[in-house]
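The structure under discussion appears below in the form of structure tokens.
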Amino acid sequence: MKLKYFFLVIGLLMAVMACKQTEQDTRGFSPAIGERMQMASFKLPSLTDKAVIDSKQFDGKVLLVTFFATWCPPCIQEIPSLIALQDSYKSKGFSVVAFSVDEGDLAPLYNLIEKFGINYPVLLAEPEIARSFGGVSGIPATFLVNGQGEIVKKFLGYVSHDFLEEDIKSMLAAK
């Protein structure tokens with residue numbers, strides 16, 4: 001019985017470590033000139049309000065796209081910041097779009113949306129969507145997309161509110 005709990009604890013520690021990085025590691029990188037990728041088109045139901053979200057509705061907007069899971073502590077830690085960014089910049093041509101990598105029972109995801117009062121679209125990540133962002137090897141994974149639909153920055157792990165806000169302001173000013 002003790003061995004069973006030992007492996008359970010080791011597994012949980014590995015899961016937490018897989019999605020946690022230091023903030024220093026999260027400084028976004030910009031693709032080299034000529035290497036920007038276009039965000040893939042999608043049309044998916046939002047778990048937040050049941051509306052069908054079409055990527056075309058974001059044409060001309062700056063987007064913060066995040067891949068997350070309900071079981072990832074750094075992902076949960078970012079939610080209040082994402083809500084605040086959506087509130088502050090939605091009227092200025094910005095939106096947060098979240099893709100959940102949760103599988104199976106969606107009750108924890110719906111509970112999370114309700115608990116935090118998430119105000120941005122939450123969609124289920126399909127494999128093609130993750131591939132269109134160059135692959136998502138860990139979570140949270142956050143991408144900044146310019147008004148032309150080009151992925152211009154990628155962050156791995158937790159990213160502070162101030163750092164994201166600085167980049168979002170800069171991108172909105174360049175629009």
Inter-part distance where segment 39-80 and segment 88-139 are each reduced to a Cα centre, Å: 4 Å
Cleavage-rule hits (chymotrypsin sites (Phe, Trp or Tyr not before Pro)) in segment 54-85: DSSP loop, at most 16 neighbouring Cβ within 10 angstrom: W71
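Students often get this wrong, so check it: of K92/K153; K56/K153; K43/K153; K153/K175; K43/K115; K56/K169, which have C-alpha atoms separated by over 18 Å? Could you put the intermediate results ahead of the total?
Details: K92/K153 20 Å; K56/K153 20 Å; K43/K153 23 Å; K153/K175 16 Å; K43/K115 26 Å; K56/K169 22 Å.
Flagged as over cut-off: K92/K153; K56/K153; K43/K153; K43/K115; K56/K169.
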From the C-alpha gyration tensor of segment 32-175, square roots of 5λ in Å: 22, 17, 15
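Where a number appears in this text, it was derived from the coordinates with a stated rule and is not lab data. Remember, it's a predicted structure, so these values are computed and weren't measured experimentally. Cβ coordinates were reconstructed from backbone atoms using ideal geometry, including for glycine residues, and neighbour counts include every protein chain displayed.
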